[in-house]
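Enquirer: Below you will find the structure I want to go over with you.
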Amino acid sequence: MRLIRCLFLIGFCLWPVLGTAADDISLLEKVARSSAAGQSGLQSYQVTVETAKIQQMLTQMTANLPADAPRPPTPKVRKYWHRARGESLIRAEGGNVFPMMQEMVQRFSGEFAIDLRSFLLPRAQAEKRGQLISKASVKQSDNQVANRRIVSFTLKFSEPTAIGKAFYGAGIDLPRERVERLVFDVDPERLMVNRIEISVAGNVPITMEIRYRELAGGFVPEVIRVTSPDGNLDDRFQTEFVEVEGYWLPERQLRETRHGDQEKVMEVLFRNYQVNAAMPDDVLRLLTQ
């Protein structure tokens, strides 16, 4: 009888651990699907992008011109997003947009052109992600953080591996080459990734922490912060939202970056949204390239 009681107590104590067996790595794809499905009625949008950074870059480009020489007007910058294409496009528009100006806009727009619902675990990268996961050893653990259950997955590659955009998209300077280990902290109830740790051969790990805001249509990243344990990197990206025709979209984004002794701050405003409106044909062609 005593032996049976002991076995019962052991089994009872092990129950929470055994109960996590169903949470395999496929939980990441559940998160990806949940994020991509948010605001399903929103098929596309167009918006004007405003930032002082454009004028600053134009001033630098024309600094060597004679003082009385005419300066090019500040271009109008538009962002186009299309759900079916799975990506966005930012470009300068207007009658006096020369190639170098277009290249300038493309270059700096990468610092804020983050599609929040598809940035983490992009659905378009599901096949590539699955291939990478199949080549890694996977370990799972359970934790309680602020009374919430967090499932951690550790992916360890046998050799340094190029992961491309399989686990996180463009817009934030994160390691994509020679990755040795990835750790994901996932909230299985709310289907969100709270933290990613990235270990690269020969470098200190990089940690990305995500804080969410609950809006109609689900949880959306509100603050993304990337740091390194040596204090050399601290990148904070914050978004404020506005409701447009029943959809919640970015209204203001603030990027504060410190990398070593260099610090940068950039503010971007989004004005005059057009939701689910027809897009120019040339934009659609560019989005499919």
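Enquirer: Within the stretch 175-265, report the GluC sites (Glu not before Pro) that DSSP leaves as loop and that have at most 16 other Cβ atoms within 10 Å.
Expert: Answer by residue number: Glu177, Glu189, Glu245.
Enquirer: What are the ³J(HN,Hα) couplings of the stretch 120-137, residue after residue, when phi is run through the Karplus curve with 6.51, -1.76, 1.60 and θ = phi - 60°? Round to Hz, x for glycine and proline.
Expert: Each residue of the stretch 120-137 in turn: 8, 6, x, 4, 5, 9, 4, 5, 4, 4, x, 5, 5, 5, 5, 8, 9, 7 Hz.
Enquirer: Report, to the nearest 10°, how far helix 27-36 tilts away from the longest principal axis of the Cα atoms in the chain, using its own Cα long axis and a range of 0 to 90°.
Expert: Approximately 30 degrees, to the nearest ten.
Enquirer: About its Cα centre, how strong a charge dipole does the chain have in debye, to the nearest 20, once Lys and Arg get +1 and Asp and Glu get -1 at the Cβ?
Expert: 700 debye
Enquirer: Out of Ser199, Ser88, Ser137, any idea which swings most in a Gaussian network model of the chain, alpha carbons joined below 10 Å?
Expert: Ser137
Enquirer: Between Gln262 and Ala84, what FRET efficiency comes out of the Förster formula 1/(1 + (r/R0)^6) with R0 = 35 Å and r the beta carbon distance, rounded to 0.05?
Expert: That gives a FRET efficiency of 0.35.
Enquirer: Kindly express, to the nearest 10 degrees and within the range 0 to 90, the angle between helix 52-61's C-alpha long axis and the longest C-alpha principal axis of the chain.
Expert: 50 degrees
Enquirer: Throw me the Rg/Rh for the stretch 24-287, computed over C-alpha atoms with Kirkwood Rh, two decimals.
Expert: Computed over Cα atoms, the ratio is 0.99.
Enquirer: Something else: Any chance you could give the angle, 0 to 90 degrees and rounded to 10, that helix 99-109 forms with the longest Cα principal axis of the chain?
Expert: Orientation of helix 99-109: about 30 degrees from the principal axis.
Enquirer: Specify the residue with the greatest mean-square fluctuation among Pro70, Pro160, Pro99, computed from a Gaussian network of the chain linking alpha-carbon atoms under 10 Å apart.
Expert: Largest GNM mean-square fluctuation: Pro70.
Enquirer: Quick check: pseudo-label points 7 Å beyond the Cα along Cα→Cβ at Asp234 and Lys76, how many nm apart are they?
Expert: A separation of 4.0 nm, rounded to one decimal place.
Enquirer: What does the helix-only formula give at 222 nm for the chain: each DSSP H stretch with n ≥ 4 adding -39500 (n - 2.57), the total divided by the residues, and the result rounded to the nearest 500 deg cm²/dmol?
Expert: After summing the helix terms and dividing by residue count, I get -7000 deg cm²/dmol.
Enquirer: Longer than 26 Å from Cα to Cα, which of Lys156/Lys264; Lys30/Lys264; Lys139/Lys165 are they? Say none if no pair is.
Expert: From Lys156/Lys264; Lys30/Lys264; Lys139/Lys165, over 26 Å: Lys156/Lys264; Lys30/Lys264.
Enquirer: Set the Förster radius R0 to 51 Å, insert the Cβ-Cβ distance between Ser158 and Asp282 as r into 1/(1 + (r/R0)^6), and round the FRET efficiency to 0.05.
Expert: In this case the efficiency is close to 0.70.
Enquirer: So for the chain, averaging the separation of alpha carbon pairs under 8 Å that are six or more residues apart and normalising by length, what relative contact order in percent results?
Expert: Dividing the mean separation by the residue count of the chain yields 18 percent.
Each value in this text was obtained by applying a stated rule to the coordinates, not by laboratory testing. Remember, it's a predicted structure, so these values are computed and weren't measured experimentally. So basically every Cβ, Gly included, is an ideal-geometry build from the backbone, and we count neighbours across all protein chains shown.
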